[in-house]
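Comments concern the structure below.
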Amino acid sequence: MLEAKAEGRQPPEPSTEDRGAGGKVVDLMAALQKSVRKAQAARGEDAGDAEVHEMPTAKKKTAGKAPAKKTAKKSAAAKKPARRQRGT
């Protein structure tokens with residue numbers, strides 16, 4: 001096929017004989033559930049349905065909130081690194 005394309009010819013058509021019936025389709029969710037049930041049984045846990053609980057909502061505190069503190073500005077001299085003295 002690569003040689004045909006390199007030479008500018010049409011590649012040969014794939015034969016239908018070589019194709020099998022196809023692969024096996026696996027239900028991944030069913031396999032996972034089966035694995036979980038097996039692991040729970042091995043640990044001696046009840047494999048029943050789980051209970052769902054509502055989570056409490058967080059209360060937002062808006063009143064009485066202090067504003068963010070401002071930082072002091074550094075002077076230009078404080079930002080520059082000190083110069084090294086040459087050979088003494």
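Just so you know, all these numbers are worked out from the coordinates, no wet-lab data involved. In this text, all values refer to a predicted model and were calculated from it rather than measured experimentally. Glycine also receives a Cβ, built like all others from the backbone with ideal geometry; neighbour counts cover every protein chain displayed.
With a Förster radius of 35 Å, plug the Cβ-Cβ distance of Val25 and Met1 into 1/(1 + (r/R0)^6) and report the FRET value to the nearest 0.05. Walk me through the numbers on the way to the answer.
Values: r = 28 Å, r/R0 = 0.81.
According to the calculation, E is roughly 0.80.
Extension gain for Val36-Val52 works out to 4.0 nm (0.36 nm per residue, less the C-alpha to C-alpha distance). For the peptides 1-8, 35-42, the ranking by packing is 35-42, 1-8, with the highest mean count of neighbouring Cβ atoms within 10 Å listed first. The length gained on full extension between Arg9 and Ala82, counted as 0.36 nm times the residue separation minus their Cα-Cα distance, comes to 19.0 nm.
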